[in-house]
Structures are given as C-alpha cells and as structure tokens.
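Heads up, the thing below is written out as structure tokens.
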Amino acid sequence: MNTLPNRQGERGATPRCCRSQVPHVIAICTLLFGLPSAVCQTTPTVPRAVLAPFIASNGAALHPSWQPSGLPDNKAPRSAFEAITLNGEAVLALRTQASYGVLTHAWQGAAPETLSWRWQLVQPLSQADIKTKTGDDAALKVCVMLDQPLADIAFLQRSVLTLARSVSGQNLPSATLCYLWDSRYPAGTAGANPYSARVRYIVLNGAESATGQWVSQRRRIAEDFALLFGQESPALPPITAVAVGADSDNTQGSSLGYVAQLGWLP
C-alpha cells in the first residue's frame, strides 16, 4: 500500500519549490478531468439534485448532465464513451486507444452516504502502473471531487494549489477520491496519484479480478475520504462532482470496459 502524505510545516513564505510544482497541479486537473470541465470551472455546469443516468431518455445518446472532455490542444485522442445495450441492459462503454477521456457530472448540495455502481473490465491495460507518472493510466475509474477546506491542507500543498488556481484561472478541486479497476496491483491498494497528492485512489478490483464479469460496488464516501484524507480533515467536505473515465495515453495501450447503474443510495 502506498504511503499517504503527512501534514507539513505551516510557517514561512511560499517556497520556490511550490512555484515549480504549479504546472504539475494544473496538469493533474487536466489529466484527470480535462480543462475546461464542470469540475474545474468556478461555476459548475448543470448541477442536479440527483445523479442523472448515463443514457438519455431516447436511449441513443449520453445524458447532457454527463459532460465529456479530453486533453487540451488535442494532445491525445479522446477516449470513446458510448451508450449501448448489453444483454438487454443500457450501459456505458468506455474505450481507449492511446487516448484520454472523462465524463463529469457536476453536483451541489448534500449527497447520500453511499455511491453504488456496476462495472466490467473486458480488455485491461497490461502496461499501466498507477504508482508512476509514465504508467498512470486506468481502464476504468470512478471519481468523486470534494471542496476540502484549504486550511486543512498541508502548507506546501495548499500553497501550490492556491498558486495553480491563480495561474490557471480555474477553481481546481482541492481533493479528489478515485476508485480504480487496475490490472497490476491487488484490491485494497491505496495511495496518492504520482502527479499530485490532492488526488488519491483506492483499487477496488485488482490483478486478482477476472475480466468479462460484472462486479457490483458500494462505497461509503465519508469512510473512504477518512481513509485517504483523514489526517487532514476530520469531516467529509462538500462534494462538487462525480466523474467516470478511462485513459491509456501514457502507455499507448487499448482498453474496453463498461459501467452501469451509477447512483447514490439513500
């Protein structure tokens, strides 16, 4: 299991090292959720009281509350998100081919305790390694963005984030919790993203999980936030967005997976 970062000293002026990290913090928002996106804008787009289904009512297109995005300046092809019917069920297909993409659903207001979904990995990314920058790809991920108070964040990370927000003009998320299906590490692996400690992950299905089979997941967001960010914040901050994504731009691989029935449970 990766070691999560501890809080650092709170005194002194912003060191030069923080300024050098600003591009990396801006980049991680781009790499995870694209810019511009509902997560990174000052005013979220299409906020809803409930998570919309992936599929629009006509059954042939994505629901407009789920906004797709890729890397800026077309640095990589956009991963494909497609509404399909699989064995009589409407599901979201996520395909990558040396590509990057994410679907983001803005959120405002209180959220129920549990996030639930079903997913299936068909074609994994054998070269991905989520602990390294060069291998930081995921065939399937579900992420929750939170408005963690800046006062709770370690001084260096807070300084970098504040500078990054100023430089980019974007309200970059202060905390992001990602659930991964990974083909290298076992379920239960947890840690910080190699680009930024403001993004942390838990592997729910790992190398031991068979492909081609549906797996149901239910996660208590407050408990997982406490596991990954509890050293910083004693309580769950407001949730600002939920996202699903798939990317293989770092390893230049190809993948295929499905997600269905993503929603809050009472």
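A few comments on the model shown:
- Within segment 142-163, the set of residues being of a type in the set (S, T, N, Q) and either touching a Cys at 6+ places or on another chain (Cβ under 9 Å) or more than 30 Å from Ser216 (Cα to Cα) (or both) comprises Gln157, Ser159, Thr162.
- Residue within segment 194-214 that is outside any strand (DSSP E or B), farther than 20 Å from Asp136 by Cα and touching a helix residue (DSSP H, G or I) at 6+ places or on another chain (Cβ under 9 Å) present: no
- Condition met for Gln252 (part of a loop (DSSP other than H, G, I, E, B), closer than 25 Å to Tyr100 by Cβ and more than 17 Å from the chain's Cα centre (by Cα)): yes
- Residue count, segment 133-163 (criterion: within 30 Å of Gln120 (Cβ to Cβ) and crowded, with 17+ Cβ neighbours inside 10 Å): 11
- Selection status of Ala260, at pLDDT 95 or above, over 16 Å from the mean Cα position of the chain (by Cα) and within 17 Å of Thr104 (Cα to Cα): yes
- Residues satisfying the stated conditions in segment 233-249, i.e. in contact with a Phe, Trp or Tyr (Cβ under 6 Å, 6 or more places away or on another chain), assigned to a loop (DSSP other than H, G, I, E, B) and not charged (D, E, K, R): Leu236
- Only one of Ala98, Ala106 that is of a type in the set (A, V, I, L, M, F, W, C), touching a Pro at 6+ places or on another chain (Cβ under 9 Å) and under 28 Å from Asn58 (Cα atoms): Ala106
- Members of segment 171-193 that are part of a loop (DSSP other than H, G, I, E, B) and hydroxyl-bearing (Ser, Thr, Tyr): Ser174, Ser183, Tyr185, Thr189
- Scanning segment 140-180 for residues that are in contact with a Lys or Arg (Cβ under 7 Å, 6 or more places away or on another chain) and polar (S, T, N, Q) turns up Gln157, Asn171, Ser174, Thr176.
- Condition broken by Ser254, with the remaining ones in (1) surrounded by fewer than 16 Cβ atoms within 10 Å (Cβ to Cβ); (2) within 21 Å of Met145 (Cβ to Cβ); (3) in contact with a strand residue (DSSP E or B) (Cβ under 6 Å, 6 or more places away or on another chain) satisfied: (2)
- Once segment 174-188 is narrowed to residues that are hydroxyl-bearing (Ser, Thr, Tyr) and either under 18 Å from Val144 (Cβ atoms) or at pLDDT below 95 (or both), the residue that is farthest from the chain's Cα centre (by Cα) is Ser174.
The values are calculated or read from the model by the stated rules, or taken from the named source; none is laboratory data. Not measured: the values here are computed from a predicted model. Note that we place each Cβ from the backbone using ideal geometry, even for glycine, and neighbour counts take in every protein chain shown.
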